[in-house]
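**Q** Structure below; questions to follow.
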Amino acid sequence: VGILDDDIFEEDEHFFVRLQNLRLEEGGAEGTGIPPKARLVEPLLATVTILDDDHAGIFTFEQQLLRVSENTGMLTVTVLRNSGSRGTVAVPYHTEDGSAKAGVDYQEARGEVEFTNEQTR
């Protein structure tokens, strides 16, 4: 089944593929006098979802949990862009204290991660 690409933003779409009207070709069990066995069983219907990739994307961290030694010096946290990669997009970020405190355990950070058109990481 061919999927047609376009540059139009649209919601995800779906269509169905259905198995039906099973036919047996002649000669399936030739010379035995027993008809060939075949049947359709569930599921007879498959749902295909076409994910629209003509939008800016969905952004997430590559890893939800990171562990780092104090002597590491600098930590890089990777952001991924999925389900679309159209256009240049800036994603703001900032650090927030947990049990580690800014200025005592880590340097506070604030800024934007910029993704260019078609960039995914």
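The values are calculated or read from the model by the stated rules, or taken from the named source; none is laboratory data. Keep in mind it's a predicted model, so treat the numbers as computed, not measured. Glycine also receives a Cβ, built like all others from the backbone with ideal geometry; neighbour counts cover every protein chain displayed. Each accessible area value is taken on the protein alone, full model and side chains, heavy atoms only, with ligands, DNA and RNA left out. Shrake-Rupley method; radii C 1.70, N 1.55, O 1.52, S 1.80 Å.
**Q** Just grab the label-to-label distance for VAL48 and VAL17, each label 7 Å out from Cα along the Cβ direction, in nm (one decimal).
**A** 0.6 nm
**Q** Now, a different point. Could you state the principal axis extents of the C-alpha atoms in the chain, from the largest down, to the nearest angstrom?
**A** For the chain, the Cα extents along the three principal axes come out at 86, 37, 19 Å.
**Q** What are the residues whose amide H is under 5 Å from the amide H of ILE50, where those residues sit 5 or more places off or on another chain and H is modelled from the backbone?
**A** Result for ILE50 returns GLU13, HIS14, PHE15.
**Q** Mind checking which of GLU11, GLU108, GLU62 has the largest fluctuation in a GNM of the chain, springs on alpha carbons under 10 Å?
**A** Largest GNM mean-square fluctuation: GLU108.
**Q** Follow-up. At a Förster distance of 25 Å, what's the computed FRET efficiency of LEU80 paired with ASP105, Cβ-Cβ distance as r, to 0.05?
**A** For LEU80 and ASP105, the calculated efficiency is 0.40.
**Q** At 1.4 Å probe radius, can you tell me the per residue accessible area of the chain in Å²?
**A** 87 Å²
**Q** Taking all protein chains as present, what is the carbon and sulfur share of the accessible area of the chain, in % to the nearest whole number, probe 1.4 Å?
**A** Carbon and sulfur together cover 51 percent of it.
**Q** Could you tell me the accessible area of ILE3 in Å² (1.4 Å probe, neighbours in place), rounded to the nearest ten?
**A** 100 Å²
**Q** Can you give the relative contact order of the stretch 64-115 as a percent, counting alpha carbon pairs under 8 Å and 6+ residues apart?
**A** 35 percent
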